[in-house]
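*Asks:* Please see the structure below; I have some questions.
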Amino acid sequence: MYDIIEKEKTRQKHFINLIPSENFTSQAVLDALGSPMQNKYSEGYPGARYYGGNEFIDVSERLCQQRALETFGLDPREWGVNVQALSGAPANLYVYSALMNTHDRLMGLDLPHGGHLSHGYQTPTKKISFVSKYFETLPYRLDETTGYIDYDKLEEMATIYRPKIIVAGTSAYSRLIDYARMRDICNKVNAYLLADMAHISGMVAAKVLPGPFGYADIVTTTSHKSLRGPRGALIFFRRGVRRVHAKTGAEELYNLENPINASVFPGHQGGPHNHTIAALSVALKQAQTPEFRTYQSQVLANAKALARRLGEPKDKGGLGYTIVSGGTDNHLVLADLKPQGIDGARVERVLELVGVAANKNTVPGDRSALTPGGLRMGTPAMTTRGFGEDDFERVADIVDRAVTIAMRVDKAARKAAEDKGEAKTAGRIRTFLDFLGNGETDTEIFQLRNEVADWVGTYPLPWDVEVKA
């Protein structure tokens, strides 16, 4: 196991990590994550546990809650937070279960248009996410001509569908969400607004992006993406007055805290992961520093540089790719590769072979999630390692070279299959992958892989001596 871990550390050091949902935690977070806090069982909540010996576990969890509210500038009289959820998708399920009965209605952004599985994705023939099995789900979508969320259509659909919850959250959407418009739509249909800010919570904490707290009833987030913490989740919920009835003047209070806490434990989980909560507390403290704000500003600047280099026309110094929505307002860039005659799955594999981790992603107009037309890229991880705008322009050039390689290999794979009388399978992804293999015999792949490894290996990781010194 030691050897496996060391090999993974080496891979991380010599790979360019463009996966938007990944990051590198600090050594302090890793230390807390590997601490004796993991030894303790503590079902329940601070002051009300089902086991003895939780004196310092209670102190740790309360500190984490306090820091979570401080990090996002929240008044504890108006907001509470649960820090026990194990990850983002379960956190969303816990909220749904707390506020809805089975087969109540939910709306979230469609997965092929940038939404997340946990928002209830299903196809015409299969309920992919079991959220769509437990509840009735209806997706809203993008305006495919602009690449932006179609709020007018969302309002029209919500008025007819009358959902109990509308989710304002994304997994592959590079623009800001209009939380004020979402709030207005929810008010019109008497729905809760759940903001899932998992991807952008670090940028919200640093005030680089506007947050949902002024509009949402509940806010969920993972803690390991732009927030740069361990793999966990936070569920924020409103306290106090929800609304005042126009006719009677009577105040309706929020009833979120007890149902959400009960949904987490004992509704879905047993004992919390105390080492994760401790590590999250460390990350939240770090997120309050000026250095963290500087980092998040650089994340945004780097994403814009990457989008600009990829998307600008070639006669203006760019690479001429189609960027969904035409650019980015956050940490993420989504390129549509269909105009190049290639898909994200093939390019993802070539990128991996040359030492770049990115991921294939559906884009508007796609029919297959296995061979989607898009490539999703993000800047948080490599910004943590010290990349600036010039570096991400170089990254764009590397991606472009990988696309060119993928196109060449795909053409050769199709011809080889046809020459063997296998024309029916020539266009399948498996044919491409089998023909490509591990890329060892491809000179371009070999050269580019060495170039990437030598370059990125000069940038430190949190556990490197250079960072610790």
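All of the numbers you see were taken from the coordinates with simple rules; none came from a lab. Note that the structure is predicted; figures quoted are calculated from it, not measured. Cβ placement follows ideal geometry from the backbone for every residue including glycine, while neighbour counts extend to all protein chains displayed.
*Asks:* Can you sort 226, 325, 87 so the residue with the fewest Cβ neighbours within 10 Å comes first?
*Replies:* Final ranking by Cβ density, sparse to dense: 87, 325, 226.
*Asks:* Next up: Mind pulling the angle between the C-alpha long axis of helix 389-419 and the longest principal axis of the chain? Nearest 10 degrees, somewhere in 0 to 90.
*Replies:* 60
*Asks:* What number, in percent, do you get for the relative contact order of the chain if the mean sequence gap of Cα pairs under 8 Å and at least 6 apart is divided by its residue count?
*Replies:* On the way: 905 pairs, mean separation 96.2, N = 469.
Averaging sequence separation for qualifying contacts and normalising by length gives 21 percent for the chain.
*Asks:* Sorting 370, 209 on the 10 Å Cβ count, fewest up front, what's the list?
*Replies:* So the ranking, lowest neighbour count to highest, is 370, 209.
*Asks:* Just to confirm the filter: which trypsin sites (Lys or Arg not before Pro) across the stretch 336-404 are DSSP coil and have at most 12 other Cβ within 10 angstrom of their Cβ?
*Replies:* 367
*Asks:* A follow-up question, please. Taking the Cα centre of the chain as origin, work out the dipole magnitude from +1 charges on Lys and Arg Cβ and -1 charges on Asp and Glu Cβ, in debye rounded to 20. All intermediate terms of the calculation are to be shown ahead of the outcome.
*Replies:* Values: 56 positive and 55 negative charges, 147 e Å.
With only Lys, Arg, Asp and Glu charged at Cβ, the dipole is about 700 debye.
*Asks:* Which listed residue (235, 23, 195) has the Cα farthest towards the positive end of the charge dipole for the stretch 23-286, taking +1 on Lys and Arg C-beta and -1 on Asp and Glu C-beta about the Cα centre?
*Replies:* So the residue furthest toward the plus end is 23.
*Asks:* Give me the angle, in degrees from 0 to 90, between the Cα long axis of helix 179-189 and the longest principal axis of the Cα atoms of the chain, rounded to the nearest 10.
*Replies:* Rounded to the nearest ten degrees, it is 60.
*Asks:* Evaluate the distance, in nm, between pseudo-label points positioned 7 Å from the Cα of residue 152 and of residue 41 along their respective Cα→Cβ axes.
*Replies:* Roughly 5.9 nm, to one decimal.
*Asks:* Compute the acute angle (0 to 90°) between the alpha-carbon long axis of helix 2-14 and the principal axis of greatest extent of the alpha-carbon atoms of the chain; round to the nearest 10°.
*Replies:* The angle comes out near 70 degrees.
*Asks:* Right, something else. Assign one of three labels to the stretch 193-301, namely rounded, prolate or oblate, based on the Cα gyration tensor with a ≥ b ≥ c the square roots of its eigenvalues; rounded applies when a/c is under 1.5, prolate when it is not and a/b is larger than b/c, and oblate otherwise.
*Replies:* Note, shape of the stretch 193-301 comes out oblate.
*Asks:* Report the far tail of the P(r) of the stretch 23-286, meaning the percent of Cα-Cα pairs longer than 29 Å.
*Replies:* Numbers: 10592 of 34716 pairs.
Above the 29 Å cut-off, the stretch 23-286 has 31 percent of its Cα pairs.
*Asks:* If r is the Cβ-Cβ distance from residue 425 to residue 30 and R0 is 60 Å, what FRET efficiency results, to the nearest 0.05?
*Replies:* E(calc), rounded to 0.05, equals 0.85.
*Asks:* Give me the three principal axis extents of the chain from the C-alpha atoms, as integers in angstrom, largest value leading.
*Replies:* Computed over the chain, the largest-to-smallest principal extents equal 75, 57, 42 Å.
*Asks:* Counting pairs of alpha carbon atoms under 8 Å apart in space and at least six apart in sequence, what relative contact order in percent does the stretch 290-468 give? Spell out each step's value before the answer.
*Replies:* Details: 254 pairs, mean separation 37.3, N = 179.
21 percent.
*Asks:* With a point put 7 Å past each Cα toward its Cβ, work out how far residue 75 is from residue 125 in nm, to one decimal.
*Replies:* 5.4
*Asks:* Can you figure out the FRET efficiency of residue 19 with residue 297, using R₀ = 25 Å and their beta-carbon distance, to the nearest 0.05?
*Replies:* My answer for the efficiency is 0.75.
*Asks:* Where does each of 405, 16 land when they are ranked from fewest to most other beta-carbon atoms within 10 angstrom?
*Replies:* 405, 16
*Asks:* Okay, next question. Dipole magnitude of the stretch 238-368 about its Cα centre, charges +1 at Lys/Arg Cβ and -1 at Asp/Glu Cβ only, in debye to the nearest 20?
*Replies:* Using Cβ point charges on Lys, Arg, Asp and Glu, the stretch 238-368 gives about 200 debye.
*Asks:* Something else about it: Along the charge dipole of the stretch 313-469, pointing to its positive end and built from +1/-1 on Cβ of Lys, Arg, Asp and Glu, which listed residue (448, 403, 429) has its Cα farthest out?
*Replies:* Going by the Cα projections, it comes out as 429.
*Asks:* Also, quick follow-up: Cross-link candidates for residue 225: which lysines have Cα within less than 19 Å, leaving aside residues fewer than 8 places away along the same chain?
*Replies:* 9, 13, 207, 285, 304, 360
*Asks:* Quick check on the stretch 52-195: what does the Kirkwood estimate of hydrodynamic radius come out to from the alpha carbon pairs, in Å? Numbers along the way, then the final one.
*Replies:* Working: mean 1/r = 0.0602 Å⁻¹.
For the stretch 52-195, inverting the mean 1/r across all distinct Cα pairs yields 16.6 Å.
*Asks:* Just how large is the dipole of the stretch 13-115 about the Cα centre, in debye to the nearest 20, putting +1 at every Lys and Arg Cβ and -1 at every Asp and Glu Cβ?
*Replies:* 120
*Asks:* Can you tell which of 45, 73, 91 lies farthest toward the positive end of the dipole of the stretch 1-92, using +1 and -1 charges on the Cβ of basic and acidic side chains (Lys, Arg; Asp, Glu)?
*Replies:* 91
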